[in-house]
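Following: one structure in structure tokens, then a few remarks.
The values are calculated or read from the model by the stated rules, or taken from the named source; none is laboratory data. Computed from a prediction, not measured in an experiment: that's the story for all the values here. Here the Cβ positions follow ideal geometry from the backbone for every residue, glycine too, while neighbour counts run over all protein chains shown. Just so you know, the surface numbers come from the protein's heavy atoms only, side chains and all, with ligands and any DNA or RNA stripped out. Shrake-Rupley method; radii C 1.70, N 1.55, O 1.52, S 1.80 Å.
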Amino acid sequence: MSASINHELNQPLTAIRSYADNGHLLLDRERYGDVRGNLRKIAEMVDRMATIGAQLKQFARKTTGHCISVSLVDSVAASIGILGSKLKNVGVEVENRIPRDSSLNVQADPIQLEQILINLISNAANAVKEQSERRIEVSAETVGNRVVVRVSDNGPGIPEDRLEQIFEPFFTTRETGLGLGLSISQRIAQSMGGTLNARNSIDGGAVFSLELCAASDQQDAPETGTAA
Ligand code: ADP
């Protein structure tokens with residue numbers, strides 16, 4: 001990951017340097033409109049670098065986080081709440097299929113768990129945008145001493161040859177995407193002793209499975225939601 005970050009930050013740095021040098025020449029020639037253009041490009045690149053920095057800072061924070069028993073249903077509800085205005089804009093309601101009285105507790109850092117869920121639900125919202133009927137579902141089931149949380153949507157799904165690639169840092173197919181959400185989420189999941197994987201459902205949409213350790217205070221919980 002550090003090699004891609006290095007590349008992603010060095011590239012704009014080199015460009016900023018050359019826009020600045022070129023700006024001096026343009027000033028000497030009194031081409032003020034072009035100088036303005038260079039300054040705008042420099043500002044855009046700085047903004048992008050700052051956004052990357054902010055996302056990486058969140059990732060760095062998680063390494064110090066310690067895992068406690070977290071209620072999955074509350075965490076999912078909080079994540080849906082945080083994404084409220086985005087979901088409203090897209091015109092989709094997330095179906096939280098984890099029952100309210102569920103005893104599904106996972107071993108996690110609560111803030112980091114929300115960060116993963118927010119990333120997954122936000123990606124699902126981006127994916128269903130163009131569908132006439134939009135559907136996002138969150139379900140969970142206990143498998144032995146693990147809990148599997150699934151976020152599924154009825155978007156176009158992920159091309160089979162990209163199922164691994166989407167977790168690489170800076171891989172994005174979105175015009176305004178950074179391509180850091182999934183790589184950060186996967187690393188956070190791993191740091192909590194879990195996994196994060198993607199596949200397509202039989203009806204075409206994407207299914208992201210987050211597997212975490214069940215909390216030791218976990219009661220015997222029945223399967224909830226569909227094991228898509
Ligand atoms: P970003 O959202 O900035 O592109 P991510 O790392 O979150 O970065 O996602 C990487 C890529 O994975 C997306 O650009 C998209 O191509 C693909 N992807 C993620 N979630 C979904 C989904 N639910 N359905 C289809 N493609 C997805």
* Structure fact -> Within the range 202-215, residues being open to solvent by 20 Å² or more (accessible area, probe 1.4 Å) and not in a strand (DSSP E or B) number 3
* To do: Under 9 Å between Cβ atoms, at least 6 apart or on separate chains: pull out the pairs that start in the range 95-107 with a residue that is modelled with pLDDT under 80 and end on any residue that is part of a strand (DSSP E or B) and open to solvent by 20 Å² or more (accessible area, probe 1.4 Å).
  => Ser102/Ser71; Ser103/Ser71
* **Looking only at the range 4-39, and only at residues there that are farther than 30 Å from Ser183 by Cα and of a type in the set (Ser, Thr, Tyr), the one that is surrounded by the most Cβ atoms within 10 Å (Cβ to Cβ)** => Tyr19
* To do: Considering (1) open to solvent by 30 Å² or more (accessible area, probe 1.4 Å); (2) modelled with pLDDT under 95, say which one Leu113 fails and leave the rest.
  => (1)
* To do: Select from the range 85-105 the residues that are outside any helix (DSSP H, G or I) and charged (D, E, K, R) and write down the one among them that is farthest from Val138 (Cα to Cα).
  => Asp101
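Rundown of residues vs (1) within 13 Å of the ligand (Cβ to nearest atom); (2) over 14 Å from the mean Cα position of the chain (by Cα); (3) not in a helix (DSSP H, G or I), yes/no style:
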site	(1), (2), (3)
Gln107	no, yes, yes
Gln112	no, no, no
Ile116	yes, no, no
Leu120	yes, no, no
Asn123	yes, no, no
Asn126	yes, no, no
Gly155	yes, yes, yes
* To do: Return yes or no: is Arg199 among the basic types (Lys, Arg), surrounded by 17 or more Cβ atoms within 10 Å (Cβ to Cβ) and at pLDDT 95 or above?
  => no
* Yes/no for Ser132 being more than 9 Å from the ligand (Cβ to nearest atom), farther than 27 Å from Val106 by Cα and not charged (D, E, K, R) -> yes
